[in-house]
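Read the structure below first, then the notes.
Taken together, the values in this text are just the output of simple stated rules run on the coordinates, not laboratory data. From a predicted model like this one, the values you see are computed outputs, not experimental measurements. Here the Cβ positions follow ideal geometry from the backbone for every residue, glycine too, while neighbour counts run over all protein chains shown.
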Amino acid sequence: MKHIIWSTGHELILKDIVKAENCDLFDSKGNKYIDLESGVWCTSLGHSNPRINSVFFSQIKKIIHTGFNYCSPIIEKAALKVLEIANLPNGKCEFLCSGSEAVEYCVRLAKTLMKDKKLLAFTDGYFGAYGEASKRGDTHWINYNWHKCSCNNRDIGCIAECEEFSKIPFDQIGVFVFEPGSSSGLVKFPSKKLIDSISTKIKDNNGLLVMNEITTGVGRTGKWFGFQHYDLSPDMIAIGKGIGNGYPVSLAVVSEKVSDLLKNQAFLYAQSHQNDPLGASVVKEVIDTIIDENLIDRCSVLGEKLKSDLNKIKENNSLIKEIRGRGLMIAVEFKKEARYIHAELLKRGFVVAKRSGHEVIRIDPALTVKQMDIDLFLKVFAEIVEEASE
Ligand SMILES: Cc1ncc(COP(=O)(O)O)c(C=O)c1O
């Protein structure tokens, strides 16, 4: 690893992975690890998924890349699939390369359409590694800390329009960019009342709702998209990670309203890999596989059972502070010792995510994870947590 840059904050956990199948990772000595992290939420259908691999190989033989002046029929077919699951039948898609790019694209498009209106986001949303969406720093942005809503502070539950909420200058805001539930990997869910109130105000002002579904999309939360746990009709959706099952493809999806607005509005955006056929073929097969194998319902059922089993462990252990989750996007927050628990799980063959700077580990396995692997994990997890609290 002498010639690889390792970014600050990234820990080198396993340096010798040579093969993987579904949730099994193997090193060169044949040691096996069970991957319950899905490579930062990406391998939604497991590593080396046979259906995805097969489409990948057959598309490679046809055409990988075109460039932004050309199109290929697979792109239109994949776009139709995406619009179907997003319930935006007359919308449009642009295929891109990463989650960060998809969010940035949506934000730039929203800014272009809403001209001098401001964008509202939550302080704990994560919008990617680069671009202005990642910074949300200039005067165009209003970052609202929903954890500090005055009704939350008074422990009365969300009343949707508390004093703090009433300070949001909705008359200046034209866009709400919402990451529905990942909350920078901490898996925290703003209340339905709060989201309904914000979306109503945005829609009343004829503004745009932009969903960042990079982590919460593609079935991860037990529905196709995280926004479907709320009453929202998005104008734009950024999709990434799981839609490529590990291949770097992402999408910006827009509603009919936005595509109509684009008829009279120039929007400049150019990079070398817009609407590549290889990525589009993977996207289509990921969606078809999820539908054919009923993986969204499976995710919901497995996730509920996993949460309930984790809560049983919590009942007998005061080290665990909270279990949060939707579908197979689960966070376990500890009072302390998360680092130790994370390291011990790895020693005993389980890969989960540790959220740096927080006492939180995250469990986000592929939607194809075997129940047997979850059961093995729960047994070892309970033992480690018990040891850690002694
Ligand atoms: C909510 C959210 N948005 C955007 C991104 C950026 O996606 P990518 O890392 O694929 O660029 C991430 C990555 O973790 C994310 O969690």
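Past 23 Å, Cα to Cα, is the threshold; run 117/223; 135/192; 111/257; 81/203; 312/379; 223/354 against it and keep the listed order. The partial results should precede the final answer.
Numbers: 117/223 32 Å; 135/192 26 Å; 111/257 15 Å; 81/203 27 Å; 312/379 12 Å; 223/354 25 Å.
Where the Cα-Cα span goes over 23 Å, the pairs concerned are 117/223; 135/192; 81/203; 223/354.
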If you build a Gaussian network model of the chain, linking Cα atoms that sit under 10 Å apart, which residue out of 330, 195, 168 swings the most? 168
Taking 134, 281 and counting other beta carbon atoms within 10 angstrom, the fewest-first order is 134, 281
Kindly work out what percent of the DSSP beta bridges joining two residues of segment 204-348 are antiparallel, to the nearest 5. 75 percent
Once you have a ≥ b ≥ c as the square roots of the Cα gyration tensor eigenvalues for segment 1-125, tell me rounded if a/c is under 1.5, and otherwise prolate or oblate according to whether a/b is larger than b/c. oblate
Which order do 114, 329, 372 fall in if you start with the one that has the fewest other Cβ atoms within 10 Å? 372, 114, 329
Highest-fluctuation residue, 122, 178, 68 considered, GNM on the chain with Cα pairs under 10 Å: 68
Taking each full run of DSSP H in the chain as one helix, which ones are at least 20 Å long along their axis (Cα atoms) and have mean Kyte-Doolittle hydropathy of at least 0.5? 277-292, 371-388
Among 305/347; 148/321; 321/370, the pairs whose Cα-Cα distance exceeds 23 Å are 305/347; 321/370
Relative contact order computed over segment 51-292 (Cα-Cα under 8 Å; 6+ residues apart), in percent: 32 percent
Specify whether the C-alpha gyration tensor of the chain places it in the rounded, prolate or oblate class, a ≥ b ≥ c being the square roots of the eigenvalues: rounded for a/c under 1.5, otherwise prolate if a/b is larger than b/c and oblate if not. oblate
Hey, got the dipole for the chain? About the Cα centre, +1 on K and R Cβ, -1 on D and E Cβ, debye to the nearest 20? 380 debye
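Over the chain, what is the percentage of antiparallel beta bridges among all DSSP beta bridges, to the nearest 5?
Antiparallel: roughly 65 percent of the beta bridges in the chain.
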For the chain, what does -39500 (n - 2.57) per DSSP helix run (n ≥ 4), summed and divided by total residues, give at 222 nm, in deg cm²/dmol to the nearest 500? -11000 deg cm²/dmol
Sort 6, 41, 224 by Cβ crowding within 10 Å, fewest neighbours at the top. 6, 224, 41
Sorted by number, the cysteines in the chain with no other cysteine beta-carbon under 4.7 Å are 23, 42, 71, 93, 97, 106, 149, 158, 299
